[in-house]
1. Helix 2-14: angle to the longest alpha-carbon principal axis of the chain, degrees 0 to 90, nearest 10?
2. At a threshold of 8 angstrom on Cα-Cα distance, excluding pairs fewer than six apart, so keeping six or more, what relative contact order does region 2-103 reach in percent?
3. Full-extension gain between residue 243 and residue 264, please, as 0.36 nm times their residue separation minus the C-alpha to C-alpha distance.
4. Dimensions of region 217-319 along principal axes (Cα, Å, largest first)?
5. Output needed: percent of Cα pairs per 10 Å distance bin for the chain, bins running from 0 to the one holding the longest distance.
6. Please sort 119-130, 247-258 by packing, taking for each peptide the average over its residues of neighbouring beta carbons within 10 angstrom, highest first.
7. If one puts a single equal scatterer on every Cα of region 230-287 and applies the Debye formula without solvent, what log₁₀ I(q)/I(0) results at q = 0.15, 0.26 Å⁻¹?
8. If eta is 0.692 mPa s and T is 37 °C, what Stokes-Einstein diffusion coefficient results for region 2-103, Kirkwood Rh from Cα pairs, in µm²/s?
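Quick note: the coordinates plus some simple rules give every number you see, no bench work behind them. Being a predicted model, the structure only gives us computed values, none of them experimental. Cβ sites come from the backbone with ideal geometry, for glycine too, and all protein chains shown count toward neighbours.
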């Protein structure tokens, strides 16, 4: 309450613009639940940006490190004392953040741990998911959900899915790597790889689906489309630079990738060349992807609703998208 009074009332009483003030606030984390603390940090960040004000926070909170450590609008400054004098240094790297965690007497397993994990096949899937989550949550009062603060993507490596499992420790099989033990808040995303609506899923995908569906609060997205790239509409692919995806000269426009169409076949029929860098495609296409277009692609809207709700629950956020 005192913080809000200072931010809102003092400038009005003084008759000065908020940008003329530098606010110093000490250890906000005292007596505040971490979920409420994150909301307050978000408010302070928005206030500083929108009002062009400067805010100094002193803190011993891991929540503050998690929140501001990935913010483009904040600096983390470490204060050191050698017994005679104090000096400061700006923290630029994640490794230095980890050092601060150690100085606070905590372990990396306690702090700076993702609130939940999204298991994806590889780097291109991560790029798509991050962009799609951003699109789906950009209108939230708290701002869009962000990797590194609200969730973390992790790679399982495609065919390696056959060598992992998601089970409670008492049910695990010793020969398989149990990814459930890393973090029980989890989402798994994998390609359906179906050639038609009635095609069977691969045995390893069926098994993982059965395991994940038994975990309370977990979610698995097995794409209705053959691969994740099939969700890209032609309107997005048309805007990808020729160096990444050059449309075949005989075509006046690109068709949308079919739901069960092989991505390699789509490339051969519609592109100059026979192969494509999937990561480069993801990077190039992401800025052109729009929510209203993606909502028309197969099960995208339904799945994004469920994924976003899971992530919000990990962060103690019940506010509707």
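1. Taking Cα atoms only, the helix is inclined about 70 degrees.
2. Numbers: 92 pairs, mean separation 21.8, N = 102.
Relative contact order here is 21 percent.
3. Details: separation 21, 0.36 × 21 = 7.56 nm, distance 1.76 nm.
Gain on extension, residue 243 to residue 264, equals 5.8 nm.
4. Result for region 217-319: principal-axis Cα extents of 51, 25, 22 Å.
5. 5, 21, 27, 23, 15, 7, 2, 0
6. Numbers: 119-130: 20.7, 247-258: 12.9.
Listed from highest to lowest mean packing, they are 119-130, 247-258.
7. Values returned for q = 0.15, 0.26 Å⁻¹ are -0.36, -1.24.
8. Working: Rh = 14.9 Å.
Translational D for this selection: 220 µm²/s.
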